[in-house]
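A.B. asks: Sharing a structure with you now.
Read the figures in this text as sums done on the coordinates, not as results from a lab. These numbers come from a predicted model, not from an experiment. Glycine also receives a Cβ, built like all others from the backbone with ideal geometry; neighbour counts cover every protein chain displayed.
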């Protein structure tokens, strides 16, 4: 099948902390009877909307995609590697932590055996919005358990105020929660392993508390190690666009592109890329065709595409993300004159 940029349909997931309107990203999802908390843009059950795999799920399409689509770097990867979501909290999420790959492969084979490192880009936020990422210095397992028993766990966390445009990196083993009053674009390893520690006494629609996973959470939490938090984006060169590297690790590299005039995104033949439209409208173009894009969409660009043009009709904000070769990424950016110290602020091992 001829490789071509391909749009993926989102799947919307109900959550007790979710929103009754997902506008302006999804204006058709307004006045909802049931709150929706997440839009999964690359869930394996998401349907392919355009191109030669139209009608198939992303998981089924991935299984059939040759190296021209995946890229040589990912040709042998069995499962789709990146999960991208929008999160719409109108209440606090549970306090939680995710395992790393080593723990997941040993203890969570039935759940896929893959850990979860993630990053958040704040699409919008009300005044006073905040997240909790990581524990304060000196908080050990004993203090953590005491805070849990006394319902004062939040007081042990680093509280980080957030505004639209902020980026945060949340590695596996770092306990965290997202507060109310914001919309987040999350890029992560493809994993849904979450160990819920504290849920504020909430109950589901049947009146039952949601499951907690305290023992596992205590096993995977990195006590005494400060990791994650707010990241300052690194400006990168681009003709016709404002481009910045938000954060990168071995699981994903994520950029933001601000486009007000025609520009091109160059695609590395080593890997496919995902482009998420945060704002704006216009057209994507490639050598033999073009297609319109709109806010809230996610597009998969095959590795062999070479380049994709962006022609905005309104100022356009994009998230571009892919699975990097971290060493090659560092080398490429160093050749462009970016110092090792600057790279260390956004690229994490």
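A.B. asks: Listing 77, 84 from the residue with the fewest other Cβ atoms within 10 Å to the one with the most, what is the order?
C.D. replies: Values: 77 13, 84 23.
Listing 77, 84 from fewest to most nearby Cβ atoms yields 77, 84.
A.B. asks: Compute the distance from the alpha-carbon center of region 210-286 to that of region 142-180, in whole Å.
C.D. replies: 21
A.B. asks: Using helices alone, I'd like the mean residue ellipticity at 222 nm for the chain: each DSSP H run of four-plus residues gives -39500 (n - 2.57), total over residue count, nearest 500.
C.D. replies: Result for the chain: -3500 deg cm²/dmol, rounded to the nearest 500.
A.B. asks: Also, I was wondering about something else. Can you give me the three principal axis dimensions of the chain from its C-alpha atoms, in Å, biggest first?
C.D. replies: So the extents along the principal axes, rounded to whole Å, are 62, 49, 41.
A.B. asks: What is the order of 185, 46, fewest Cβ neighbours within 10 Å to most? Walk me through the intermediate numbers first.
C.D. replies: Numbers: 185 24, 46 20.
Result, fewest neighbours first: 46, 185.
A.B. asks: Just rank 141, 116, 216, 208, fewest to most, by other beta-carbon atoms within 10 angstrom. All intermediate terms of the calculation are to be shown ahead of the outcome.
C.D. replies: On the way: 141 11, 116 25, 216 18, 208 8.
Ascending Cβ contact count within 10 Å gives the list 208, 141, 216, 116.
A.B. asks: Then there is this: Please compute one quarter of the surface area of the Cα convex hull for region 102-219 and express it in square nanometres.
C.D. replies: Details: hull surface 33.9 nm².
Approximately 8.5 nm², given one-decimal rounding.
A.B. asks: Still on this structure, please answer the following. Taking the Cβ-Cβ separation of residue 292 and residue 23 as r and a Förster radius of 25 Å, what is the calculated FRET efficiency to the nearest 0.05?
C.D. replies: My answer for the efficiency is 0.80.
A.B. asks: Let me ask something additional. Between region 9-73 and region 308-344, what is the C-alpha centre distance in whole Å?
C.D. replies: 24
A.B. asks: In Å and whole numbers, how far do the C-alpha atoms of region 234-344 stretch along each principal axis, longest first?
C.D. replies: Computed over region 234-344, the largest-to-smallest principal extents equal 38, 25, 22 Å.
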